[in-house]
Amino acid sequence: MDAAHTADLAPHELRVLAAVDRERGFSAAARALGLTQSAVSHSIRGTERKVGAVLFERGRKGATPTAAGAVAAAHARRVLRLLDALVTEARGAERGVAEGPLRIAAFRSAALHLLPAALARLAARHPGIRPEVRVVRELGAGTAGEVAEGRADVGIATLAGTSALPAGLIGGVLLDEPYALVHPAGHPDPRSLPLVDWHENCGSYTRAWWAGQDWIPRATVLAEDDGAVLSMVGNGHGMAIMPALSLTGAPDSVAVTDLGTDRPTRSVGYVTTPELAPSLAVRALVRELRAGTRVLPVSDSRKSE
């Protein structure tokens, strides 16, 4: 079936598709939309005929999207978001203001240390914008995946390099933060301590450096997040290799030692879709994020050499 046959997909069909994908069931989607289950089933069957593919596997445990269904649902969410943006952008252009919802996905340290000040400035300059923030673990597809799947308008993401962006998304680097050795304050030989780590720490772009350091042991403590790592280190349970953003506001019980000129760095940036990048709300948020990173300290003030 060619693309011409899908042109009559209506917004309400896209909403049903997105709801079934989100709720993983026809009955749950019907309740969420205020429809009957038969209406939801009829809509999905019609959409499948128009698309020319089975979108959900039906079973006792609900509806599981097929590969085609997962792709279709992601596109449905992005199209529905563009329809919403059409209204808010047109109204904003008429009034000369930016307004409407702005869905943001951010990993933990960005949500703690980058977003609050940026959102405060955004609210002061654009009170009509309504930010909706979700903290997402930066594992697998991470925050960029939330944008690609249509669940977020902007993602604050860790990037693989100073210019690399996930396929199909656009954006840019906000800051390059160095990694440092973090250890209990006053410890005479911090490199002799066991390693404390967490799953979201680093990526392939820093692991190469990591693998070349014969003094870094295998982690014996694996914590839930960077906050737990700082707590473990501050209480004398080991040392860690951490990026600067995670060290903002680190407790006095830890010390930060520079790793030298060959230290690894991590790029933190924003990602969005090509369709939403020109929107007033997205451009306003990016401006405030950039303004904030210009004054962000690159490391903790209690650095030791």
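For residue 267, the shell of other residues with beta-carbons less than 13 Å away shows a net charge of -2, using +1 for Lys and Arg and -1 for Asp and Glu. The charge dipole of the stretch 72-135, taken about its Cα centre with unit charges on the Cβ of Lys, Arg, Asp and Glu (plus for the first two, minus for the last two), comes to roughly 200 debye.
A simple spin-label model places pseudo-atoms 7 Å from Cα toward Cβ; at residue 221 and residue 58 they are separated by 5.4 nm.
For the chain, calculate the relative contact order in percent as a whole number, restricting contacts to Cα pairs under 8 Å that are 6 or more residues apart. Averaging sequence separation for qualifying contacts and normalising by length gives 19 percent for the chain. Across 253, 231, 38, mean-square fluctuation computed from a Gaussian network of the chain (C-alpha pairs under 10 Å connected) peaks at 38. Full extension of the segment from residue 135 to residue 95, taken as 0.36 nm per residue of separation minus the current Cα-Cα distance, would add 11.2 nm.
Calculated accessible area for the chain comes out at 48 Å² per residue, all protein chains present (probe 1.4 Å; ligands, DNA, RNA ignored). Grouping the Cα pair distances of the stretch 231-294 into 10 Å bins from zero gives a pair-distance distribution of 15, 34, 25, 19, 7 percent in increasing distance order.
With the whole protein complex present, residue 214 retains an accessible surface near 150 Å², based on a 1.4 Å probe. Compared with the dominant Cα axis of the chain, that is its longest principal axis, helix 11-23 is turned about 50°. Positive end of the dipole of the chain (Cβ unit charges, origin at the Cα centre): among 159, 212, 272, the Cα lying farthest that way belongs to 272. The computed percent of Cα pairs over 34 Å apart for the structure shown corresponds, within [x] 36; [y] 15; [z] 27, to [x]. Note on residue 291 and residue 123: the extension gain reaches 59.0 nm, defined as 0.36 nm multiplied by sequence separation minus the Cα-Cα distance.
The values are calculated or read from the model by the stated rules, or taken from the named source; none is laboratory data. Just so we're clear, the structure is a prediction, and the values are computed from it rather than from any experiment. Every residue, glycine as well, gets a Cβ built from its backbone with ideal geometry; the counts of neighbours run over all protein chains shown. Side chains are part of the model used for accessible areas, which takes the heavy atoms of the whole protein and leaves out ligands, DNA and RNA. Shrake-Rupley method; radii C 1.70, N 1.55, O 1.52, S 1.80 Å.
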